[in-house]
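Since the structure comes first, as structure tokens, the remarks are kept for the end.
The values are calculated or read from the model by the stated rules, or taken from the named source; none is laboratory data. It should be emphasised that the depicted structure is a prediction, and the values quoted were computed from it without experimental measurement. Cβ atoms come from the backbone with ideal geometry, glycine included; neighbour counts cover every protein chain shown.
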């Protein structure tokens, strides 16, 4: 039982690390200002768990994500 708890901590740490990498990648590919990108990156880097929580709940991801932007064109 002690070995299972020992290894589960490493697994959760690795999972948080992978999620941090994805979040930082998403920040860099977003349409945010340079200051906004730097702020979110530093928050995620220095506070990995709380930074992820803050980013996913408070970052307005749909607003800044390039995949969700819709452009309308008029038909001549």
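Residues of segment 49-58 being touching a residue at least 24 places away in the same chain (Cβ under 8 Å) and under 10 Å from the mean Cα position of the chain (by Cα), which ones?
The first filter runs over segment 49-58 and keeps only residues touching a residue at least 24 places away in the same chain (Cβ under 8 Å), leaving 49, 51-52, 55-56.
51, 52, 55, 56 - these are the residues of segment 49-58 that are touching a residue at least 24 places away in the same chain (Cβ under 8 Å) and under 10 Å from the mean Cα position of the chain (by Cα).
Filtering segment 30-60 to residues that are assigned to a loop (DSSP other than H, G, I, E, B) and modelled with pLDDT of 90 or more leaves only 47.
In segment 61-72, the residue that is modelled with the highest pLDDT out of those that are surrounded by 10 or more Cβ atoms within 10 Å (Cβ to Cβ) and not in a helix (DSSP H, G or I) is 65.
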